[in-house]
Amino acid sequence: MAEDRLAAAPTALQKILRGRRSIRRYLPTPVEPEKVRACLEAARIAPSANNVQPWRFLVVDEPGLKDKLAAEAFSGIYAGAKFAAKAPVILVLLAKPGGAAVRLGSKIQGVPFYLLDMGIAGEHVVLQAEELGLSTCWMGWFDYRKARKVLGIPGAFKLVAVMPLGYAETRPTREPPRKSFEEIVGFNRVPPD
């Protein structure tokens with residue numbers, strides 16, 4: 001079975017996929033600008049619906065701005081997200097939803113295509129970071145309104161997520177539990193409920 005062959009001799013990509021973890025403790029070591037650029041370049045070349053490329057990335061690496069963002073967006077009920085401020089870089093994932101054709105298609109299908117596109121571009125960042133020895137954590141638990149205000153994000157942009165980027169203080173080695181292949185895949189039939 002193909003799954004067994006991959007498990008026995010994983011490819012370089014499989015190793016990256018299996019090794020990637022959401023990291024919540026970062027070293028204060030600065031991230032080299034060329035590595036940040038490589039991550040963002042990986043996102044830039046991602047595919048998108050109708051090639052709209054809705055992604056925009058705001059790189060927050062100035063300590064004062066990062067502290068202000070943390071104080072506002074990671075406070076109160078969002079205090080559990082304060083760990084992100086320890087990373088040397090916080091990427092802010094913004095979307096500028098597509099033109100009329102994509103918006104109409106999204107409405108007809110009931111699927112916000114720009115969010116799918118952002119997921120693809122963001123995962124490109126995550127995987128490139130992993131390959132470069134960096135760590136990330138997708139975050140949606142923060143005060144969006146306060147983050148918009150602190151960062152001066154115009155109304156034309158949708159704030160999708162934030163992502164700390166840096167070197168992990170520690171990396172979990174245990175693979176989290178995953179559903180089996182058979183639980184999630186159905187060939188020519190709907191997968192089991």
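The values are calculated or read from the model by the stated rules, or taken from the named source; none is laboratory data. Quick caveat, the model's predicted, so the values are computed rather than measured. As a convention, Cβ positions derive from the backbone with ideal geometry for all residues, glycine included, and neighbour counts pool all protein chains shown.
Here is how the numbers come out for the structure above:
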read-out: Contacts under 7 angstrom Cβ, first residue in the range 61-81 being closer than 26 Å to PRO33 by Cβ and without any contact (Cβ under 8 Å) to a residue 60 or more places away in the chain, partner in a helix (DSSP H, G or I) and among the charged types (D, E, K, R), 6 or more apart; value: ALA70/LYS82
read-out: Residue list for the range 125-145, restricted to those being farther than 17 Å from TYR167 by Cα and in contact with a Phe, Trp or Tyr (Cβ under 8 Å, 6 or more places away or on another chain); value: TRP141, PHE142, ASP143
read-out: Residue in the range 11-30 that is surrounded by 19 or more Cβ atoms within 10 Å (Cβ to Cβ) and either in contact with a His (Cβ under 9 Å, 6 or more places away or on another chain) or at pLDDT below 95 (or both) present; value: no
read-out: 2 or more residues modelled with pLDDT under 95 and closer than 22 Å to GLU169 by Cα: qualifying helices (runs of 4 or more DSSP H) within the range 84-158; value: none
read-out: Identity of the residue in the range 101-124, in contact (Cβ under 8 Å) with a residue 60 or more places away in the chain and in contact with a Phe, Trp or Tyr (Cβ under 8 Å, 6 or more places away or on another chain), that ends up nearest to ALA87 (Cα to Cα); value: GLY122
read-out: Residues of the range 146-177 classified as surrounded by 12 or more Cβ atoms within 10 Å (Cβ to Cβ) and more than 23 Å from LYS15 (Cβ to Cβ), total; value: 13
read-out: Yes/no for ILE153 being over 21 Å from the mean Cα position of the chain (by Cα) and of a type in the set (Val, Ile, Thr); value: no
read-out: Lone unmet requirement of (1) in contact with a strand residue (DSSP E or B) (Cβ under 6 Å, 6 or more places away or on another chain); (2) surrounded by 19 or more Cβ atoms within 10 Å (Cβ to Cβ) for ASP61; value: (2)
read-out: The listed residue being without any contact (Cβ under 8 Å) to a residue 60 or more places away in the chain, closer than 20 Å to LYS68 by Cα and basic (Lys, Arg), out of ARG189, ARG174, ARG148, ARG178; value: ARG148
read-out: Within the range 51-97, tally of residues that are among the small types (Gly, Ala, Ser) and in contact with a helix residue (DSSP H, G or I) (Cβ under 6 Å, 6 or more places away or on another chain); value: 4
